[in-house]
Amino acid sequence: QVQLVESGGGLVQPGGSLRLSCAASGSFFTLDAIAWYRQAPGKQREFVAGISNSGATTYADSAKGRFSISRDNAKKTVYLQINSLQVDDTAVYYCNGVFVVRSGNPPFAIWGQGTQVTVSS
């Protein structure tokens, strides 16, 4: 069974930085695109950043400049670096990954359980 586990969240003061991790585990053939989303209290989940298996990245307009997504395929892990954190960045951050379990099987996507980021003084 494949799964994604996020970590790295916490309480940070405005202006601080965090690096979130999303680690894939289980048996699978390929891990394709992975994206980070976030959901603030009372709001819908929104896309933050995504990265393909070749390393191509895309960002929401609100994430450009302060967020950086990267991946280490050897570690089966994707990272989200967040700098100059703002109170409005407070949310649960989720990763969503596209897996192919066996060669020739169709891809499917799963969510991690999320990691809480709270920005407060």
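The values are calculated or read from the model by the stated rules, or taken from the named source; none is laboratory data. Since we're looking at a predicted model, the values are computed, not measured. Please note: Cβ atoms are built from the backbone with ideal geometry, for glycine as well, and neighbour counts cover all protein chains shown.
Selection of first residues in segment 91-110 that are hydroxyl-bearing (Ser, Thr, Tyr) and of second residues that are at pLDDT below 95, restricted to Cβ pairs under 6 Å at least 6 apart or on distinct chains, gives the following pairs, ordered by first then second residue: SER103/PHE29. Scanning segment 96-121 for residues that are farther than 17 Å from ALA33 by Cα and part of a strand (DSSP E or B) gives THR115, GLN116, VAL117, THR118, VAL119. Summed over segment 55-101, residues that are surrounded by fewer than 19 Cβ atoms within 10 Å (Cβ to Cβ), of a type in the set (A, V, I, L, M, F, W, C) and over 15 Å from the mean Cα position of the chain (by Cα) total 4.
Tell me which residues, restricted to segment 33-73, are hydrophobic (A, V, I, L, M, F, W, C) and either in contact with a Cys (Cβ under 7 Å, 6 or more places away or on another chain) or closer than 22 Å to SER84 by Cα (or both). Before the answer, list the steps.
Step one: filter segment 33-73 for residues hydrophobic (A, V, I, L, M, F, W, C), giving 33-36, 40, 47-49, 51, 56, 60, 63, 67, 69.
Within segment 33-73, ILE34, ALA35, TRP36, ALA40, PHE47, VAL48, ALA49, ILE51, ALA60, ALA63, PHE67, ILE69 meet the criteria.
Residues are listed down the side, and each one gets a yes or a no for (1) farther than 23 Å from VAL119 by Cβ; (2) small (Gly, Ala, Ser); (3) touching a helix residue (DSSP H, G or I) at 6+ places or on another chain (Cβ under 9 Å):
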{"site": "ALA33", "(1), (2), (3)": "yes, yes, no"}
{"site": "VAL48", "(1), (2), (3)": "no, no, yes"}
{"site": "ASP61", "(1), (2), (3)": "no, no, no"}
{"site": "VAL78", "(1), (2), (3)": "no, no, no"}
{"site": "GLN81", "(1), (2), (3)": "no, no, no"}
{"site": "ASP89", "(1), (2), (3)": "no, no, no"}
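Scan segment 68-77 for residues that are touching a residue at least 24 places away in the same chain (Cβ under 8 Å) and closer than 23 Å to GLY16 by Cβ and the total you get is 2.
For segment 48-65, enumerate the residues that are in contact with a Leu (Cβ under 8 Å, 6 or more places away or on another chain) and either of a type in the set (Asp, Glu) or without any contact (Cβ under 8 Å) to a residue 40 or more places away in the chain (or both).
Of segment 48-65, the ones in contact with a Leu (Cβ under 8 Å, 6 or more places away or on another chain) are 48-49, 53.
The answer is ALA49, ASN53.
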